[in-house]
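The values are calculated or read from the model by the stated rules, or taken from the named source; none is laboratory data. This structure is a prediction, so every number in the text was calculated from the model and none was measured. Backbone-built Cβ (ideal geometry, glycine too); neighbour counts: all protein chains shown. Side chains included, ligands, DNA and RNA excluded: accessible areas come from the protein's heavy atoms. Shrake-Rupley method; radii C 1.70, N 1.55, O 1.52, S 1.80 Å.
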Amino acid sequence: NSTLANGMLSHMTPADSRWFVFDPPRGLMANDDAKQWFQACTEAAQVALATSNFYSAIHEMFFDDGAFGTSVLYVQEGRQSPLNFRTFDIGTYRLSENAEGAVDTVFKELELTCRQAEEEFGE
């Protein structure tokens, strides 16, 4: 499982190289301004991932995928970086599917201290 998770991290989401790019939709005749905008979005997304905890969180998610065949990677706005990623331990969440069998809802029971609840939801 460790070999699988490490391989997925290094081959699917390598931190040291570009592994995704945003492009205009196929069939759309994009002008140079549109192409530059998509390029700027790609760069901004890569910086946001690099300055967050994405790579450590996705690595943990790959471990769950290999061992259990399912996983959750939750993202929210961060306080110290633009994005904050979290994985949930197997058995601590429930998944719900729509009529076509696609997961569209995740249920997670939270246990928070008073301080954590106030930070998350306000007083």
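Residues of region 83-123 that are outside any helix (DSSP H, G or I), open to solvent by 80 Å² or more (accessible area, probe 1.4 Å) and among the basic types (Lys, Arg): Arg86, Arg94.
Restricting the search to region 1-22, which residues are of a type in the set (Val, Ile, Thr) and either on the phi > 0 side of the Ramachandran plot or assigned to a loop (DSSP other than H, G, I, E, B) (or both)? Even if it seems obvious, please write down each step before you answer.
As a first pass, look at region 1-22 and keep what is of a type in the set (Val, Ile, Thr): 3, 13, 21.
Selection gives Thr13, Val21.
Kindly provide the set of residues from region 63-82 that are assigned to a helix (DSSP H, G or I) and either within 18 Å of Val106 (Cβ to Cβ) or open to solvent by 50 Å² or more (accessible area, probe 1.4 Å) (or both), ordered by number. Across region 63-82, the qualifying residues are Phe63, Asp64, Asp65, Ala67, Phe68.
Condition check for Asn6 on (1) farther than 28 Å from Ile90 by Cβ; (2) at pLDDT 95 or above; (3) open to solvent by 40 Å² or more (accessible area, probe 1.4 Å): one failure, at (1). Sub-9 Å Cβ pairs linking a first residue in region 23-49 that is within 23 Å of Asn84 (Cα to Cα) to a second residue that is among the basic types (Lys, Arg), at least 6 apart or interchain, are Thr42/Arg18; Gln46/Arg18, ordered by first then second residue.
Residues in region 32-46 that are open to solvent by 90 Å² or more (accessible area, probe 1.4 Å) and either of a type in the set (A, V, I, L, M, F, W, C) or modelled with pLDDT under 85 (or both) were compared, and the one that is farthest from Phe88 (Cα to Cα) is Asp32.
Quick grid of which residues meet (1) farther than 27 Å from Gly7 by Cβ; (2) of a type in the set (A, V, I, L, M, F, W, C); (3) more than 14 Å from the chain's Cα centre (by Cα):
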{"residue": "Glu43", "(1), (2), (3)": "no, no, yes"}
{"residue": "Ala48", "(1), (2), (3)": "no, yes, no"}
{"residue": "Ala67", "(1), (2), (3)": "no, yes, yes"}
{"residue": "Leu83", "(1), (2), (3)": "no, yes, no"}
